[in-house]
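Asker: Before we start, here is the structure in question, set down as structure tokens.
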Amino acid sequence: MATPTTQVIPPVQLPPGVVPTPQAGTSKDVLALAKKQAVTPVLPTGTAVTPVAQQVGVGETLATPGVATTAPTAAVPTATAQAAQAATAPTAVQVADKAQQAAAQYTATALGTAQQMTAAQGQVTAPMTAQTGQIVSDATVAGQLEGLQQQVQTAVAAGTDLPAWALGAQKLVEANMAKRGMGASSMYAEALAQGVMESAVPIAAQDAATYKEMIFQNLNNRQQSAVLNAQSYLQMDMANLTNNQQANLQNLQARQATLFSDQAASNAALQFNATSTNQVDQFYKNLSTSVATQNAQRTDAMKQFSNSEANKISAQNANNATAVSQANAQTEASINQFNSQLKDQREQFNVQNQQVIDQSNANWRRNINTANTAAINAANQTNAQNLLNISNFALSSLWQQWRDEATWTNEAAQNSLNRAHNMAVAALERQTAFDMADQQSRDGLFQLLGRFAAGVFS
């Protein structure tokens, strides 16, 4: 009878160097970019704040130092006394008799051709113009998506909750990732971003459709308003044309009536002139007699006045010569004094004005330099803060990645140990079963031999 053999099962060991690699493909690129941004952060194109320095523009500084003209020197007028000429006795003018005028002859004037009315011509003052519209960014899905994304970015930057429309996607992603044990991984961020984008697309499409409908409705309203305005202006133009036509007719009638009245007045005046001819002749006869008498009386009075005025003029000439000499001396002294004072005041004004202008220009340039320095410091502070934020975000992402890798490595090693332990337990249980089976076989053999020996001896 063959002796049963015991099978020895070798212990199961974890293969050396077997460590799961969590990064692959895009994850490696993201990790490399995060490492680069953590060490040497770089601002995206167009996000760096570059201050624009102010420059002193043309015409911003004062350049006029003051009035630089030379003080005018007033010329001293030299008054010369005019010597009065001895008056010459005028000769009395004899007035001759006026010739008799012939009486005007009355001739009636006939009225010419009556004026003709010209019809008024009208023009449309405000023709209708078709209204046009434009689609703004709020009426497009892309524009609405930009606004919704800005809400999410603002909430993330402020560390607050996401908008209400994105909370559902966030809760769903968190639940699914929690089931997989990846609640704080980079895959969670990608899944959350995709869920938020899918939730935002229907909202953006509905908002864009609403804005587009409002734009078309406003355009239709403007078009209807333009049509009504054009009709109103046309009615007003027709009414104005009718009023102008009636006004021209009334003016023509009034002009014709005026011409008839003026012609009647002219004929009446001519008739009156012809009637008064005899009265004019009688007036000139009486005037001739009166003129002769007045001429004789005026000749005697004029001779007496001429002698008296000659004496007065001689005395006045002597007084004028003395007064003119005194006035010239006083005027010359006053003018010289005034010119000296004016020159001194102008020089003082120029010096003071130049000082004020220099101070104003210095203050203006100092203010510009101060503003430029403040703008440069603010831009540098903003850029440094943005770079620090990028570096901190990248470092946080790296720490998160390293925590995920450590977790994955620990779980992988623990799973390998568990599998080795389970295999060792299974091998031990199998070896125990084999040993028990061998012991049972030996016990059965011994019992069989015992029964055989007992039978032989009995």
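Asker: Taking the criterion of being of a type outside the set (F, W, Y), out of contact with any strand residue (DSSP E or B) (no Cβ under 6 Å at 6 or more places or on another chain) and closer than 18 Å to Q55 by Cα, would at least one residue in region 345-357 satisfy it? Step through it out loud before you land on a result.
Answerer: As a first pass, look at region 345-357 and keep what is of a type outside the set (F, W, Y): 345-348, 350-357.
Add one more test, that the residue is out of contact with any strand residue (DSSP E or B) (no Cβ under 6 Å at 6 or more places or on another chain), and what stays is 345-348, 350-357.
Restricting the remaining residues to those that are closer than 18 Å to Q55 by Cα gives none.
No, that holds for no residue.
Asker: Only one of (1) exposed (fewer than 13 other Cβ atoms within 10 Å of the Cβ); (2) closer than 25 Å to G46 by Cα; (3) among the aromatic types (F, W, Y) fails for F393. Which number is that?
Answerer: (1)
Asker: In this structure, is N363 within 30 Å of Q55 (Cβ to Cβ) and surrounded by fewer than 11 Cβ atoms within 10 Å (Cβ to Cβ)?
Answerer: For N363, the condition - within 30 Å of Q55 (Cβ to Cβ) and surrounded by fewer than 11 Cβ atoms within 10 Å (Cβ to Cβ) - is met.
Asker: Would you be able to tell me the number of residues in region 232-250 that are in contact (Cβ under 8 Å) with a residue 40 or more places away in the chain and among the polar types (S, T, N, Q)?
Answerer: Total meeting the criteria: 4.
Asker: Something else now. Looking at N422, N410, which is the one that is part of a helix (DSSP H, G or I) and surrounded by 11 or more Cβ atoms within 10 Å (Cβ to Cβ)? Can you show your working first?
Answerer: On the way: N410 fails: surrounded by 11 or more Cβ atoms within 10 Å (Cβ to Cβ).
None of the other options fit; the residue is N422.
Conditions tested, residue by residue: (1) β-branched (V, I, T); (2) surrounded by 12 or more Cβ atoms within 10 Å (Cβ to Cβ); (3) touching an Asp or Glu at 6+ places or on another chain (Cβ under 7 Å); (4) modelled with pLDDT of 75 or more.
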| residue | (1), (2), (3), (4) |
| --- | --- |
| G168 | no, yes, no, no |
| L172 | no, yes, no, no |
| N176 | no, yes, no, no |
| E190 | no, yes, no, no |
| Q217 | no, no, no, yes |
| D237 | no, yes, no, yes |
| Q245 | no, yes, no, yes |
| Q256 | no, yes, no, yes |
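Asker: Could you tell me whether any residue of region 325-335 is surrounded by 12 or more Cβ atoms within 10 Å (Cβ to Cβ), free of Cβ contacts under 8 Å to residues at least 40 places away in the same chain and under 60 Å from the mean Cα position of the chain (by Cα)?
Answerer: Taking every residue of region 325-335 in turn, none turns out to be surrounded by 12 or more Cβ atoms within 10 Å (Cβ to Cβ), free of Cβ contacts under 8 Å to residues at least 40 places away in the same chain and under 60 Å from the mean Cα position of the chain (by Cα).
Asker: Right, here's the next one. Take region 352-390 and flag every residue that is over 15 Å from P41 (Cα atoms) and of a type in the set (V, I, T).
Answerer: V356, I357, I368, T370, T373, I376
Asker: Determine if region 221-232 includes at least one residue that is surrounded by 12 or more Cβ atoms within 10 Å (Cβ to Cβ) and farther than 30 Å from T140 by Cα.
Answerer: Let us first name the residues in region 221-232 that are surrounded by 12 or more Cβ atoms within 10 Å (Cβ to Cβ), namely 222-223, 226-227, 229-230.
From the residues that got through so far, the ones that are farther than 30 Å from T140 by Cα too are 229-230.
Yes, region 221-232 contains at least one residue that is surrounded by 12 or more Cβ atoms within 10 Å (Cβ to Cβ) and farther than 30 Å from T140 by Cα.
Asker: At pLDDT 70 or above and loosely packed, with under 13 Cβ neighbours inside 10 Å: which single residue out of A204, A158 fits that description? Quick ask: steps written out before the conclusion?
Answerer: On the way: A204 fails: loosely packed, with under 13 Cβ neighbours inside 10 Å.
After ruling out the rest, the residue left standing is A158.
Asker: Go through (1) at pLDDT below 85; (2) surrounded by 14 or more Cβ atoms within 10 Å (Cβ to Cβ) for S416 and report which single condition fails.
Answerer: (1)
The values are calculated or read from the model by the stated rules, or taken from the named source; none is laboratory data. Worth saying up front: this structure is predicted, and the values here are computed from it rather than measured. Virtual Cβ from ideal backbone geometry, glycine too; neighbours counted across all protein chains shown.
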